[in-house]
1. Scan segment 8-15 and give yes if some residue there is small (Gly, Ala, Ser), surrounded by 12 or more Cβ atoms within 10 Å (Cβ to Cβ) and modelled with pLDDT of 95 or more, otherwise no.
2. When you scan segment 37-138 for helices (runs of 4 or more DSSP H) that lie fully inside it, which ones turn up with 2 or more residues that are more than 14 Å from the chain's Cα centre (by Cα) and either touching a residue at least 40 places away in the same chain (Cβ under 8 Å) or surrounded by 18 or more Cβ atoms within 10 Å (Cβ to Cβ) (or both)?
3. Check whether at least one residue in segment 18-26 is in a helix (DSSP H, G or I) and at pLDDT below 90, and report yes or no.
Amino acid sequence: MDSYDIALVQSSFSRVFARKAELTERFYTHLFTCMPEVEPLFRGDFVKQKEMFATMLASTVRSLSNYQSFTQLAQILAQSHARFELTEAQMTNAAQSLMAALRDVMAGKLTPEEEAAWTRAIIKLTSMMVTRPATNAG
């Protein structure tokens with residue numbers, strides 16, 4: 001991701017966020033379709049879960065222009081999801097689910113360049129959230 005990608009994501013965010021309810025609904029639909037085994041993890045207040053997802057999406061987009069803030073946010077997300085011991089494959093599925101939801105909701109409303117920038121941002125974030133096994137030094 002470069003500064004051009006960041007500018008594209010941030011400048012298109014208001015269009016995306018205006019459809020946040022539909023985006024979050026489509027995200028979870030895609031996620032549960034490709035990974036039905038994770039659906040039981042979402043048995044609590046699902047409305048609140050969707051709101052938290054939308055809030056974190058907004059925070060992530062705002063943090064893109066400051067690499068330190070973005071990294072800190074990714075670390076916070078990784079820590080809050082650590083109990084699930086997410087694998088690289090699961091995070092790839094989550095990224096693909098979000099990208100599919102974005103395409104569903106924003107079809108024709110994002111330029112190809114904006115969609116590509118969103119894809120790079122999503123991949124960057126989810127790759128930073130993968131649970132890494134602890135290493136024993138020494």
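1. Yes, because at least one residue in segment 8-15 is small (Gly, Ala, Ser), surrounded by 12 or more Cβ atoms within 10 Å (Cβ to Cβ) and modelled with pLDDT of 95 or more.
2. 88-106, 112-128
3. Of the residues in segment 18-26, the ones in a helix (DSSP H, G or I) are 20-26.
Now narrow it down to the ones that are at pLDDT below 90: none.
Checking segment 18-26: not a single residue is in a helix (DSSP H, G or I) and at pLDDT below 90.
The values are calculated or read from the model by the stated rules, or taken from the named source; none is laboratory data. Just so we're clear, the structure is a prediction, and the values are computed from it rather than from any experiment. Positions of Cβ are backbone-derived with ideal geometry, glycine not excepted, and every protein chain shown enters the neighbour counts.
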